[in-house]
Amino acid sequence: MSSLLEVKGLRVRLPTTSGLVTVVDGIDYEVERGQVFGIAGESGSGKTISVLALLGLLPDGAEVEGSARFENQDLLTLGRRSLREIRGREIAMVFQDPLTSLHPMMTIERQLTEHVRYHLGLDGTKARVRAVELLQQVRIPDPAGALGAYPHQFSGGMRQRIAIAIALACGPRLLIADEPTTALDVTVQAGILRLLDGLRRQSGLSVIMITHDLGVMSSIADWLSVMYAGRVIESGPTAEVLARPRHPYTAGLLAALPHPEAAEDTPLVSIFGAPPSPYARPAGCAFHPRCTFAIASCATDVPGLLDVGDGRRLACPVDPLLVRA
Amino acid sequence: MSLLELREVEVEYRRAGRSPVRAVAGATLSVDAGQVVGLVGETGCGKSSLARAAVGLLAPTAGSVWFEGRQVRPLGRRARSRTDARLQMVFQNPFSSLNPRRRVGDQIADAMAILNLVPAGNRRARVSGLLEQVGLPAAAAMRFPHQYSGGQRQRIAIARALAAEPSVIVLDEPLSSLDASAQAQVANLLKGLARELQVGLLLISHDLAIVRHVADTVAVMYLGLVVETAPTRRLWTAPLHPYTEALIEAIPRADGSGWLPESLPGEVPDPAHPPAGCRFHPRCPYAFERCRTDSPPLVEIVDGRHVACWLHERGDAERPPSQFARRTSAVVSAGGDQIHRV
């Protein structure tokens with residue numbers, strides 16, 4: 001079976017006051033059916049822009065190259081109208097902050113039924129029944145009562161559940177979740193992760209999960225791509241990448257995390273320096289100024305993302321795992 | 001007596017036409033020199049209200065705050081005394097807490113001038129020293145905040161707090177707006193400063209995992225009350241309160257094991273109408289009859305460990321509630337999401 005989404009050579013340039021800036025610099029990935037595909041990276045690494053490009057949600061003047069094959073269509077060449085048919089129906093999106101992604105002045109019912117009325121042509125009564133079903137699916141207590149309420153009457157976790165219900169309204173094949181739990185408390189985050197995990201198991205939903213939180217990735221993503229400065233620097237099965245990171249950046253990110261089972265008084269090992277801004281990305285490997293393994297060629301040649309076996313790919317000529325061995 | 005002491009502090013917000021909200025319902029906490037105290041809890045538990053009361057930005061409705069042996073009075077129009085200025089605060093968002101139109105060095109030098117700590121001629125050198133202490137080049141003094149990333153700005157905010165030569169700094173979510181690598185850098189910096197300068201830190205955060213790396217002692221808040229305090233390592237190895245246990249189990253681990261964190265059933269109740277008895281009982285998997293009617297006091301179970309939970313009695317061994325639940329005659333499930341325990 002072929003994959004649901006296949007992105008090749010995606011490159012995005014965004015207009016700024018100082019001309020076009022390359023934010024996403026040639027990335028490839030595939031999302032399989034029923035799989036959670038994770039895109040990890042720090043802020044400014046281009047992870048959000050890379051998916052907004054698929055949905056045609058970039059600002060005017062943005063330049064996009066490459067291809068994104070979804071169900072035998074290339075999302076990047078579709079016209080506005082066809083893209084609109086796919087957006088919300090075939091591919092839905094959930095954003096970080098449900099307080100800004102939900103409309104504050106519209107009832108939950110209106111926000112939940114808008115999609116099904118537009119895309120599926122359901123009438124008022126049927127749409128309402130569907131809305132109650134959806135709220136049940138995301139485990140909102142008293143779904144019928146919740147329909148008449150406004151977003152501010154719910155807690156952050158409940159709002160995010162409602163935003164997920166809206167995304168699921170038309171039974172999409174692909175759900176793109178951009179930092180869906182970052183604004184939430186850990187106990188609430190755990191609930192949302194369990195909800196997403198249940199959804200993909202029950203309905204075969206594919207999910208692109210974007211987050212900087214490798215703990216979240218570990219619990220939910222099957223496959224993981226780590227981005228740095230607009231490029232994918234490492235990818236592979238999540239369990240493998242997190243247990244045995246091969247790129248110095250991935251290894252550094254993991255070392256910087258507080259680990260629940262770490263020994264007492266271990267200082268966090270941080271990567272020195274800060275990620276480069278898209279305006280001034282270093283030549284060669286963008287990570288080389290912060291890398292302790294860098295060799296001469298890192299400063300001049302951009303390392304390609306190459307297969308290293310076991311489904312893993314790596315963009316690093318040094319491969320620290322081999323150095324240590 | 002500790003440097004900073006909060007005794008039975010209550011903070012109540014009055015609302016026109018509606019019942020008042022008791023955001024903090026009697027919290028006791030202390031910070032010593034060179035000690036890092038972590039205050040953790042989820043959104044709406046009252047930790048930020050407690051922080052604001054601790055530095056006098058908010059008048060407690062009841063209880064009192066003591067700093068260096070004197071009671072902290074709410075901030076008025078007059079400038080703070082030199083003593084009160086030894087209690088400093090760092091805010092969550094360094095993008096809004098720094099003045100975008102003034103040079104970094106000028107903002108740091110303010111405290112020195114206002115409090116007359118450093119003669120005018122020596123201020124520039126002192127600013128350079130502070131910047132280096134927080135890991136920034138001395139040249140940063142001449143630049144503006146927008147030229148720095150979030151992590152660097154938070155360092156500037158810390159340098160500015162240090163300029164007042166504080167003995168205690170209250171930090172409200174200083175790490176939560178930062179990326180992982182910046183977070184680790186600032187966390188290490190804070191720990192180092194506490195050791196080196198013997199400054200007491202009250203670190204408020206919703207992130208238990210990061211607090212673990214920085215704090216010597218942790219206080220856990222739930223719905224306006226401190227439910228558990230303990231030395232950090234012991235809190236982690238054997239949480240006594242069911243809420244602490246739930247918080248620890250909800251933290252995702254980046255080990256590639258695919259382990260899904262446990263979710264806590266239900267929602268944080270409205271602080272204007274807290275549940276009777278123990279405030280955690282509607283969500284507690286171990287709740288029994290007494291929890292529904294009587295509110296458990298915060299008692300010392302063993303040396304240095306306090307917990308407000310009927311499962312534990314003075315002198316009990318340090319065991320997490322999952323190993324203790326047998327004591328209760330009828331363990332009730334809180335319903336909602338499934339609860340799995342190994």
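The values are calculated or read from the model by the stated rules, or taken from the named source; none is laboratory data. Everything numeric here is computed off the predicted structure, so don't read it as measured data. Cβ coordinates were reconstructed from backbone atoms using ideal geometry, including for glycine residues, and neighbour counts include every protein chain displayed.
Closer than 30 Å to B:E132 by Cα and touching a strand residue (DSSP E or B) at 6+ places or on another chain (Cβ under 8 Å), is that true of B:V90?
Working: closer than 30 Å to B:E132 by Cα: yes; touching a strand residue (DSSP E or B) at 6+ places or on another chain (Cβ under 8 Å): yes.
Against the criterion (closer than 30 Å to B:E132 by Cα and touching a strand residue (DSSP E or B) at 6+ places or on another chain (Cβ under 8 Å)), B:V90 qualifies.
Buried (at least 16 other Cβ atoms within 10 Å of the Cβ), among the polar types (S, T, N, Q) and touching a strand residue (DSSP E or B) at 6+ places or on another chain (Cβ under 8 Å): does that describe B:T61?
yes
Give, as residue ranges, the strands (runs of 3 or more DSSP E) completely inside segment A:22-129 that count at least 2 residues that are surrounded by fewer than 20 Cβ atoms within 10 Å (Cβ to Cβ) and in contact (Cβ under 8 Å) with a residue 12 or more places away in the chain.
Fully inside segment A:22-129 and qualifying: A:63-70.
Find the residue count for segment A:200-209, including only residues that are at pLDDT below 95 and within 14 Å of another protein chain (Cβ to nearest Cβ).
2
Please find, among B:A209, B:A219, the residue that is under 20 Å from B:R314 (Cα atoms) and either within 8 Å of chain A (Cβ to nearest Cβ) or within 13 Å of the chain's Cα centre (by Cα) (or both). Outline the logic, then answer.
On the way: B:A209 fails: under 20 Å from B:R314 (Cα atoms).
So the residue among B:A209, B:A219 that is under 20 Å from B:R314 (Cα atoms) and either within 8 Å of chain A (Cβ to nearest Cβ) or within 13 Å of the chain's Cα centre (by Cα) (or both) is B:A219.
Does segment A:136-150 hold any residues that are more than 28 Å from the chain's Cα centre (by Cα) and either under 16 Å from A:M106 (Cβ atoms) or crowded, with 16+ Cβ neighbours inside 10 Å (or both), and which are they?
Result: A:P143, A:A146, A:L147, A:G148, A:A149.
Quick grid of which residues meet (1) away from chain B (no Cβ under 14 Å); (2) modelled with pLDDT of 90 or more; (3) touching a helix residue (DSSP H, G or I) at 6+ places or on another chain (Cβ under 9 Å):
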residue	(1), (2), (3)
A:R139	no, no, yes
A:F154	no, no, yes
A:D178	yes, yes, yes
A:L184	no, no, yes
A:T187	no, no, yes
A:L193	no, yes, yes
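Rundown of residues vs (1) in contact with a helix residue (DSSP H, G or I) (Cβ under 6 Å, 6 or more places away or on another chain); (2) surrounded by 24 or more Cβ atoms within 10 Å (Cβ to Cβ), yes/no style:
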residue: B:V211; (1), (2): no, yes
residue: B:A215; (1), (2): yes, yes
residue: B:V226; (1), (2): no, yes
residue: B:A230; (1), (2): no, yes
residue: B:P239; (1), (2): yes, yes
residue: B:P242; (1), (2): yes, yes
residue: B:A250; (1), (2): yes, no
residue: B:S257; (1), (2): no, no
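Here is a yes/no grid of residues against (1) more than 17 Å from the chain's Cα centre (by Cα); (2) within 13 Å of chain A (Cβ to nearest Cβ); (3) without any contact (Cβ under 8 Å) to a residue 12 or more places away in the chain:
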position: B:H146; (1), (2), (3): yes, yes, no
position: B:R155; (1), (2), (3): yes, yes, no
position: B:V170; (1), (2), (3): no, no, no
position: B:P174; (1), (2), (3): no, no, no
position: B:G192; (1), (2), (3): yes, yes, yes
